[in-house]
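K.L.:
Take this structure first; my questions come after.
The values are calculated or read from the model by the stated rules, or taken from the named source; none is laboratory data. Predicted model, so just to flag it, every value in this text is computed and none were measured. Note: ideal-geometry Cβ built from the backbone for every residue, glycine included; neighbour counts use all protein chains shown.
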């Protein structure tokens, strides 16, 4: 009997001990779950879901830029490609009318020059001969002029004959024409006839620039014999540079004079330039079934444009506009496209340690929200988008560096998990 009571007491004690341990464990687990829920709730209240916060210092460090959501004409356009060109009147070859040895070249390739500026000096014995001939002819003309005057006086006094007067008049006209021709030749060579008449003969003549512009390739050296018909060098004036675009047959009826053109330099960091169509050719280029369309460039002197640069252009044929963002503003995650919009900004105080002394500095912090979009055509560095949720009026978006914002967001999610 005593043994039975003792055994019952032991079993009862073990049962009570297990019950106490179970309640203790349950209470501790419950406290941990409650604490986790409180922490998660506080974090959710502090940082709303989908919001990424970056400081102004972070934005500057990685080159993130913020700008407006733009409206771009990406639909009603004709796409074309072509090259920059210079009108014929803005290109010139430097030639000589009379051959000679190049004694001096006064310019360098790539140098800017003015119209009439000397580019080289030529020497030739023929220059001396033509000046001598001019002096001889001038003397003969002076004699003939005096003889004509004398014969007219004799004829008026009825002391001369009409036949002699006619002969002198013919000689006078011949010498006058010859003298005038030699004067023109000297002027074309750059020699002043008046200076030659005063006895100042020159052995070298200057070759001058026919237009203002920039010196291109120089085809001669010092000592080279320059021949007529063979250019010494070329000059290009890029002030009137324009764009020649090739438009194919299927798009010809859409293109008209006066339409606006936006084009980018293919090999110049996609720099965007604006222009306007001023002329359309009326014949096809070879067998390409393409027509050359000429477009002027607005403010061409603002850009470093060179003849032959390749361009890609969009000819504006309508007035439809759509929301568009720079290609750097789009990010792709889990098979979807997103942009980041600025939803808030606040000033916060940061603790910074400088030489062991802590100091407080105020800094702006920006909050960005990820918004899913669908994309359309991409042209001239911009992509058409359609947001899948309503955006605030005149929203500000991340125009560059959106990938960093996305990576920051994903990094934050990993830390939370």
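K.L.:
Which of (1) in contact (Cβ under 8 Å) with a residue 40 or more places away in the chain; (2) surrounded by 12 or more Cβ atoms within 10 Å (Cβ to Cβ); (3) part of a helix (DSSP H, G or I) does residue 216 not meet, given it meets every other one?
P.N.:
The single condition residue 216 does not satisfy is (3).
K.L.:
Go through the stretch 219-249 and give me each residue that's in contact (Cβ under 8 Å) with a residue 40 or more places away in the chain, more than 30 Å from residue 288 (Cβ to Cβ) and assigned to a loop (DSSP other than H, G, I, E, B).
P.N.:
Within the stretch 219-249, 220, 221, 222, 223, 224, 227, 228, 229, 230, 231, 232 qualify.
K.L.:
Restricting attention to the stretch 230-254, report how many residues are at pLDDT below 90 and farther than 17 Å from residue 300 by Cα.
P.N.:
Total meeting the criteria: 7.
K.L.:
For the stretch 184-213, which positions are in contact (Cβ under 8 Å) with a residue 40 or more places away in the chain, part of a helix (DSSP H, G or I) and more than 25 Å from residue 93 (Cα to Cα)?
P.N.:
If the condition is that a residue be in contact (Cβ under 8 Å) with a residue 40 or more places away in the chain, part of a helix (DSSP H, G or I) and more than 25 Å from residue 93 (Cα to Cα), then 193, 196, 197 are the ones that fit.
K.L.:
If you don't mind, another one. Please go through the stretch 85-126 and give me each residue that is surrounded by fewer than 19 Cβ atoms within 10 Å (Cβ to Cβ) and either in contact with a helix residue (DSSP H, G or I) (Cβ under 9 Å, 6 or more places away or on another chain) or in a helix (DSSP H, G or I) (or both), ordered by number.
P.N.:
87, 88, 89, 97, 98, 99, 125, 126
K.L.:
Of everything in the stretch 283-315, what is outside any loop (DSSP other than H, G, I, E, B) and surrounded by fewer than 17 Cβ atoms within 10 Å (Cβ to Cβ)? Give them in sequence order. Lay out the reasoning, then the answer.
P.N.:
Initial filter on the stretch 283-315 (outside any loop (DSSP other than H, G, I, E, B)): 290-297, 300-302, 310-315.
Residues satisfying the conditions are 296, 301, 302, 310.
K.L.:
Let me ask something else about it. Given (1) without any contact (Cβ under 8 Å) to a residue 60 or more places away in the chain; (2) outside any helix (DSSP H, G or I); (3) in contact with a strand residue (DSSP E or B) (Cβ under 7 Å, 6 or more places away or on another chain), identify the lone condition not met by residue 252.
P.N.:
(2)
K.L.:
OK, next. Test of understanding: among 174, 144, which residue is in a helix (DSSP H, G or I), touching a helix residue (DSSP H, G or I) at 6+ places or on another chain (Cβ under 6 Å) and at negative phi?
P.N.:
Numbers: 174 fails: touching a helix residue (DSSP H, G or I) at 6+ places or on another chain (Cβ under 6 Å).
Checking each option against the conditions leaves just 144.
K.L.:
Of the numbered conditions (1) assigned by TED's automatic domain parsing to the domain that holds residue 297; (2) surrounded by 14 or more Cβ atoms within 10 Å (Cβ to Cβ), residue 272 fails exactly one; give the number of that condition.
P.N.:
(2)
K.L.:
Criterion first (part of a strand (DSSP E or B) and either modelled with pLDDT under 90 or not assigned by TED's automatic domain parsing to the domain that holds residue 244 (or both)) does residue 129 satisfy it? Working first, answer last.
P.N.:
Details: part of a strand (DSSP E or B): no; either modelled with pLDDT under 90 or not assigned by TED's automatic domain parsing to the domain that holds residue 244 (or both): yes.
So residue 129 does not fit the description; no.
K.L.:
Would you be able to say whether some residue in the stretch 227-242 is under 30 Å from residue 126 (Cα atoms), within 23 Å of the chain's Cα centre (by Cα) and surrounded by 12 or more Cβ atoms within 10 Å (Cβ to Cβ)?
P.N.:
yes
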